[in-house]
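Remarks on the structure that follows.
Here, each number is a calculation from the coordinates, and none is a lab measurement. This structure is a prediction, so every number in the text was calculated from the model and none was measured. FYI the Cβ positions are ideal-geometry reconstructions off the backbone, even for glycines, and counts take in every protein chain you see.
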Amino acid sequence: MAFLNEVRIIKILPCLAMPERIRFIAEMDKDISEVMPYLNAVFEDAIYNHNGPYITLKKGDKLISVVGKQVSGSKIIDLKDAEELIKWFKAIVNQCYENRDSIKPNIERRKKLTPLDIFKLLPRTNCKKCGEPTCMAFAVKLVEEQKSILACAEIFSGRFNDKKKELIKTLVSAGYKVPSEFQEMS
């Protein structure tokens, strides 16, 4: 018997982040708060608040946020895409619940970085070597994990070693993916 059996879409709305896409609000047949620490342990990029409790997960460029018995999804292509995302979400929740004895729950809250958090640690030369017009535009892409820190040639030029070390430490502590060869800097 599955832990989570039903997730029913109750509302479809325009996506705020991407106007050409949709978002949805759905209700689950059960509050999954007890599974959230396991999801947080499994998803390195989860944003979790144990006291809320709430959790946000990513699947590609799509976001799923859960509070109580309500789940919402954004950056969804269409209704079929929403249904596929819900199917995936149910399977992940049930899998984490089934395997909870072999997963160490994590109630640590990962900080969601803002573009300004990143921008302050970048060289701020607006060199465009990363493919973005400004360092602030790069910071936005880095926060959304659409770009890697490796795209910033200036931070690795040797002139900004203190900033590089602090930026990598900040990214690692917030649960962002950083190439393993740089993680020892954190």
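In sequence order, what are the phi-derived ³J(HN,Hα) couplings for the range 64-70 according to the Karplus relation 6.51 cos²θ - 1.76 cosθ + 1.60 with θ = phi - 60°, rounded to whole Hz, with x for glycine and proline?
Residue by residue, the range 64-70 yields 10, 10, 10, 9, x, 9, 10 Hz.
Step by step: find N for the range 18-63, compute 2.2 N^0.38 Å, then divide the Cα radius of gyration by it. What's the final number?
Values: Rg = 12.2 Å, N = 46, 2.2 N^0.38 = 9.4 Å.
Taking the Cα Rg and dividing by 2.2 N^0.38 Å, one obtains 1.30.
Would you please report the Å³ per residue occupied by the convex hull of the alpha carbon atoms in the range 63-102? Please report the intermediate quantities before stating the final value.
Values: hull volume 3.0 nm³, N = 40.
About 74 Å³ per residue, rounded to a whole number.
What's the angle, to the nearest 10 degrees (0 to 90), between helix 79-98's Cα axis and the longest principal axis of the chain?
The helix 79-98 is inclined about 80 degrees to the chain.
Report, by chain and number, residues whose modeled amide H sits under 5 Å from the one on CYS130, excluding near sequence neighbours (fewer than 5 apart, same chain).
ALA153
Residue by residue through the range 144-152, what is 3J(HN,Hα) from phi via Karplus (6.51 cos²θ - 1.76 cosθ + 1.60, θ = phi - 60°)? Round to whole Hz and write x for glycine and proline.
Result, ordered by residue: 7, 6, 9, 9, 9, 4, 5, 6, 8 Hz.
Quick one: check the C-alpha center-to-center distance for the range 15-39 versus the range 82-144, whole angstrom.
Cα centres, the range 15-39 to the range 82-144: 16 Å.
Over all distinct alpha-carbon pairs, what is the Kirkwood Rh of the range 7-102 in angstrom? Walk me through the numbers before you get to the answer.
Values: mean 1/r = 0.0743 Å⁻¹.
Computed over the range 7-102, the radius equals 13.5 Å.
Roughly what angle does helix 161-173 make with the longest principal axis of the chain, taking Cα atoms, 0 to 90 degrees, to the nearest 10?
10
How large is Rg/Rh for the chain, to two decimals, with Cα atoms and a Kirkwood Rh?
Values: Rg = 18.5 Å, Rh = 18.0 Å.
That ratio equals 1.03.
If the cut-off is 26 Å between C-alpha atoms, which lysines fall inside it for LYS90, apart from same-chain ones fewer than 8 positions away?
LYS11, LYS30, LYS58, LYS59, LYS62, LYS69, LYS75, LYS80, LYS104, LYS111, LYS112, LYS177
For the chain, what does the relative contact order come out to in percent, with C-alpha contacts under 8 Å and a separation of six or more? Display every interim value, and only then the final one.
Numbers: 298 pairs, mean separation 33.3, N = 186.
Worked out over the chain, it gives 18 percent.
From the phi angles alone, apply the Karplus equation (6.51, -1.76, 1.60; θ = phi - 60°) to the range 15-24 and give each ³J(HN,Hα) in whole Hz, x where the residue is Gly or Pro.
6, 6, 6, 9, x, 7, 10, 10, 9, 9
Hey, got a sec? Which GluC sites (Glu not before Pro) in the range 1-73 land in a DSSP loop and have at most 16 other Cβ atoms within 10 Å? Mind showing how you got there, number by number?
Working: sites: GLU6, GLU20, GLU27, GLU34, GLU44; in loops: GLU6, GLU20, GLU34, GLU44.
Passing sites in the range 1-73 are GLU6, GLU20, GLU34, GLU44.
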